[in-house]
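Structure record follows, encoded as structure tokens.
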Amino acid sequence: MPKTARPLLPRERHHQELELPLELDRSDSRPLPEQLAAQWREAILQGRLAAGARLPSSRVLSKALGITRHVVLLAVDELVIEGYVISRPGSGVTVSADARPPAVSPPSLGMPHRWQRQPVPPSFSDPLPRPGILEFRLGEPSVDRWPEEAWRRVWRETSGVRPPVGYLDPQGEPELRETVAAYLRRTRGLNCQGDQVLITSSSLAALSLLIRATVAPGDLVGLEEPGYLHARHILLQRGADLQACPVDDDGLRIDTLPVAEAAPGMLYCTPSHQYPLGGRMALPRRAALLDWAEAHNVLVVEDDYDSEFRFDTAPLPALASLDRFGRVAYLGTFSKSLTPALRVGYLVGPTDLIARLLRFRQLTGDQVSWPVQHALAAFIQGGHLERHIGSMRREYARKRAALLEVFRP
């Protein structure tokens, strides 16, 4: 006789049924009640059925497995006698609190898997913040002045909108892309439209996608020295050859960039606040960098990760806003202006570059969820983001002044 293996039926009304794969073999010499009891017993001992978990009713289980209710009841009786389950009239059958699985040591690995021999990047993750401790960390915004009411309002509005049917636009929801483009035109001077914006889960995700789509193993890529370690290790994993590009107080030194055949195919830089030293690339250097990129056919990756925050100085135009040749891929994020927990970033670039990125992105399925995209678009459209940034500029300026006062000689 063939084995009987059927999924359990939908949960009974007013009862919480547990779905557990069960299989009965009619060619087995053991009676069916014994087989059923053995599988339940094993699930309890392995911890797959926790204390208090409800077993399916005899009616549901008999119909799902094509057996009589008598078989189910015999199996339950055996487990009750052994103390694994408790049967109460009107309450069903639940796993006993005394039926705890034994402590099991993890199995020791034999021969290492091939993937275990591959090098992994070092960990740069910081420990979680500790309450009551003042910690100095790069790139972690304060939420002390979080716009509570505005945030609740946009989420209430989002909860009242029916989600779209099917999968999301892989480039990002059009409403959010148009909103981000308008925000960048208004605040950073970028001459961009929604079809030039790609919504990602972070600026790092955008950078990783960009590298995968445009850099081949052995390609030469320029990086600021010192620079962003995550970018360095993504490129190393890709197999790129790295060209260290010196920086000074005004950011990347354009006079040191290689030329002609020695020029890299890509250059990653942080002109607004050089990471990690904080210098700002002067306007003449920005113009010179774009001229160099055009002359040597270089894709410049501008990571504008926290340009919203500046103190005692006027804003400088983004490289992407000065670009006349389509040489700049612009990375941005809401992790610094709002919170990293939101997990939303974006990439702005020429439409042919965006089209190429989308072809590579279809292999990952990496997208920001629809509710987050909808709520964020409403938050920006309502002017809440810019008001929040203005408030946080004042807050950060106050903290910066206090810190400078402490360390002033």
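Placing pseudo-labels 7 Å out from each Cα toward the beta carbon at Thr351 and Arg387 gives an inter-label distance of 3.6 nm. What is the sum of charges, Lys and Arg at +1 and Asp and Glu at -1, for the other residues whose Cβ falls under 15 Å from the Cβ of Ile44? Net charge in that neighbourhood comes out at 0.
With +1 on the Cβ of every Lys and Arg and -1 on the Cβ of every Asp and Glu, and nothing else charged, how large is the dipole of the range 205-295 about its Cα centre, in debye rounded to the nearest 20? If you can, show how the numbers build up before the last one.
Numbers: 7 positive and 11 negative charges, 73 e Å.
Using Cβ point charges on Lys, Arg, Asp and Glu, the range 205-295 gives about 340 debye.
Given R0 = 22 Å, the distance between the Cβ atoms of Arg30 and Ser87 translates into a calculated FRET efficiency of 0.45. With a/c under 1.5 counting as rounded, go ahead and sort the range 286-373 into rounded, prolate or oblate using the C-alpha gyration tensor (a ≥ b ≥ c being the square roots of the eigenvalues; past the cut-off, prolate if a/b is larger than b/c, else oblate). Oblate is the answer for the range 286-373, as a/c is 1.5 or above yet b/c matches or exceeds a/b.
With the chain treated as a Gaussian network of Cα nodes joined by springs under 10 Å, which of Gly218, Gly90, Gly345 yields the largest mean-square fluctuation? For the chain, modelled as a Gaussian network with Cα springs under 10 Å, the answer is Gly90. With a cut-off of 12 Å between beta carbons, the residues surrounding Leu242 carry a summed charge of -2, where Lys and Arg count +1 and Asp and Glu -1.
With respect to the chain, whose longest principal axis is taken over its alpha-carbon atoms, helix 283-295 is tilted by about 70°. Between Glu175 and Val143, the distance separating the two model label sites (each 7 Å from Cα on the Cα→Cβ line) works out to 2.4 nm. The residues packed around Ala375, meaning those with a beta-carbon under 12 Å from its beta-carbon, carry a net charge of 0 if Lys and Arg are +1 and Asp and Glu are -1.
Size descriptors for the chain, from the alpha-carbon set: Rg then Dmax equal 29.5, 89 Å.
Helix 384-407 versus the longest principal axis of the chain: what is the Cα-based angle in degrees, 0 to 90, to the nearest 10? With rounding to tens, the tilt is 70 degrees. For the range 254-323 versus the range 179-216, the inter-centroid distance based on Cα atoms is 16 Å. Calculated mean residue ellipticity at 222 nm for the chain: -11500 deg cm²/dmol, from DSSP H runs with n ≥ 4 weighted as -39500 (n - 2.57), summed, divided by the residue count and rounded to 500. Compared with the direct C-alpha span, the chain from Thr187 to Arg212 gains 6.1 nm at full extension, assuming 0.36 nm per residue.
In the chain, the longest principal axis of the Cα atoms and the axis of helix 174-187 are about 30 degrees apart.
Across the options Leu73, Leu61, Tyr84, the greatest Cα extent toward the positive end of the charge dipole of the chain (unit charges at beta carbon of Lys, Arg, Asp, Glu) belongs to Leu73. The stretch between Asp195 and Leu45 holds 48.5 nm of extra length on full extension. This uses 0.36 nm per residue minus the Cα-Cα distance.
Every number in this text was worked out from the coordinates using simple rules, so none of it is lab data. Small disclaimer: the values here were computed from a predicted structure and weren't measured. As a convention, Cβ positions derive from the backbone with ideal geometry for all residues, glycine included, and neighbour counts pool all protein chains shown.
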